[in-house]
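Colleague: If you scroll down you'll find the structure; I have some questions about it.
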């Protein structure tokens, strides 16, 4: 999924391998078409928190974090009918 590729690319090179290991768990749930909505919702919120943490420790830049946060919101948390 493109969002996860963007996350991997936005992380500082020294941390990409470690972050990629964590992303596998999020990606597995969020790309599973058979996952229940509650699990997807909870996982998307956890991913937002993880990205915020990466930004806090300066592994991910502010502009990257803002864009990735918007993507997570629009992809998994805000229903399409509410997106303007």
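The values are calculated or read from the model by the stated rules, or taken from the named source; none is laboratory data. This is a predicted model, so every value here is computed, not measured. FYI the Cβ positions are ideal-geometry reconstructions off the backbone, even for glycines, and counts take in every protein chain you see.
Colleague: Restrict the check to the range 5-22 and report whether at least one residue is surrounded by 10 or more Cβ atoms within 10 Å (Cβ to Cβ), in contact (Cβ under 8 Å) with a residue 24 or more places away in the chain and assigned to a loop (DSSP other than H, G, I, E, B).
Modeller: Scanning the range 5-22 turns up at least one residue that is surrounded by 10 or more Cβ atoms within 10 Å (Cβ to Cβ), in contact (Cβ under 8 Å) with a residue 24 or more places away in the chain and assigned to a loop (DSSP other than H, G, I, E, B).
Colleague: Still on this structure: Which of the residues belonging to the range 66-84 are in a loop (DSSP other than H, G, I, E, B) and touching a helix residue (DSSP H, G or I) at 6+ places or on another chain (Cβ under 7 Å)?
Modeller: Listed by number, the list holds a single entry, 83.
Colleague: Right, something else. Can you name the residue in the range 68-80 that is closer than 17 Å to residue 23 by Cα and either over 11 Å from the mean Cα position of the chain (by Cα) or in contact (Cβ under 8 Å) with a residue 40 or more places away in the chain (or both) and, of all such residues, is surrounded by the fewest Cβ atoms within 10 Å (Cβ to Cβ)?
Modeller: 75
Colleague: Would you be able to tell me the number of residues in the range 26-57 that are under 15 Å from residue 11 (Cβ atoms) and without any contact (Cβ under 8 Å) to a residue 24 or more places away in the chain?
Modeller: Of the residues in that region, 5 qualify.
Colleague: Inspect the range 55-65 for any residue being in a helix (DSSP H, G or I), at pLDDT 95 or above and within 12 Å of the chain's Cα centre (by Cα) and give the result as yes or no.
Modeller: no
Colleague: Give the range 23-40 a look and list any residue that's assigned to a helix (DSSP H, G or I) and over 20 Å from residue 74 (Cβ atoms), or say none.
Modeller: Residues satisfying the conditions are 24, 25, 28.
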